[in-house]
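I have placed the structure first, in the form of structure tokens, so that the comments after it can refer back to it.
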Amino acid sequence: MNGPVVGILLAAGSSRRMGADKLALPLGDTTIGGASLEAALSSMLDHVIIVQKKEEARWIHSAFLKKEKWSQAGCKDAVRGQAHSLAAGLKAAEKMDASAVVVLLADQPFVDFRLVDHMTEMHKETPSLFVASRFNGTPRPPVLFSKRLFPMLQGLQGDRGAGSLLKQPSFGRKGAMVDVETARLFLDIDTKHDYEQVMRRGWDGCFNASADVCLAAREFGRSPIIKERI
């Protein structure tokens, strides 16, 4: 497999349901967006592209400026839906000659970098069209996509994101799934209630902590081929 594996951190949402810039809300000693970015940068990804409405991210702490493996991509059409933000990230990744991308959401601060590493290693060992994480039978971000899927992903419109493809059984057979048994990894903080629940439960110090994450990697429709606890 030639070319880097690049992360695309989607951070161009309007935070309409939160009523404020949710990515800038405090979470532990960082922010919601900062925790998501830190996880991506701590992984084995070769580079991370942050997709914003504009090529700026006020929630990024100055400490990140010292780290070299990330950049920003502006998306003027972000208000038209997540598919347009994804297309902007893919365009930037293509300029880097990426062999694959891992799509992450900036409002999912509990995604563990070891999950991203696990998915990346799976793809490098046995290249497939995609490697998706899955909880309770439903595919969820993060998802790794081979460059062979870039044209299809760039053809999506509106809020019809990559998840709509993964839910199609015929498409699901073309890749691999990583079943994750820890629900917290997939929590996206969209509303004030979500944020209050995180703070009330004391989860604001749990991102990228040594969480007990049990993974089972499966080829679609087959028995487990990997089972490990990280």
Boolean, Ser146 is of a type in the set (Gly, Ala, Ser) and touching a Gly at 6+ places or on another chain (Cβ under 6 Å): no
task: Scan Asp77, Asp107 and give me the residue that is in contact with a helix residue (DSSP H, G or I) (Cβ under 8 Å, 6 or more places away or on another chain) and free of Cβ contacts under 8 Å to residues at least 12 places away in the same chain.
output: Asp77
message: Looking at Pro151 and the list (1) touching a residue at least 40 places away in the same chain (Cβ under 8 Å); (2) out of contact with any helix residue (DSSP H, G or I) (no Cβ under 7 Å at 6 or more places or on another chain), which single condition is not satisfied?
response: (1)
query: Applying the selection to region 106-162, what residues are of a type in the set (Ser, Thr, Tyr), touching a Ser or Thr at 6+ places or on another chain (Cβ under 9 Å) and closer than 30 Å to Arg58 by Cβ?
result: Thr120
- request: Please determine, by comparing only the residues of region 95-124 that are assigned to a helix (DSSP H, G or I), more than 13 Å from the chain's Cα centre (by Cα) and of a type in the set (D, E, K, R), which one is surrounded by the fewest Cβ atoms within 10 Å (Cβ to Cβ).
  value: Lys95
message: Of all residues being in a helix (DSSP H, G or I) and not aliphatic (A, V, I, L, M) in region 69-88, which is surrounded by the most Cβ atoms within 10 Å (Cβ to Cβ)? Just the residue, please.
response: Ser85
- prompt: Quick one: is Leu165 out of contact with any Asp or Glu (no Cβ under 9 Å at 6 or more places or on another chain), part of a helix (DSSP H, G or I), in contact (Cβ under 8 Å) with a residue 24 or more places away in the chain and closer than 22 Å to Leu86 by Cβ?
  reply: no
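Read-outs: derived from the displayed coordinates by stated rules, not from any lab. These numbers were taken from a predicted model, which means no experiment stands behind them. Positions of Cβ are backbone-derived with ideal geometry, glycine not excepted, and every protein chain shown enters the neighbour counts.
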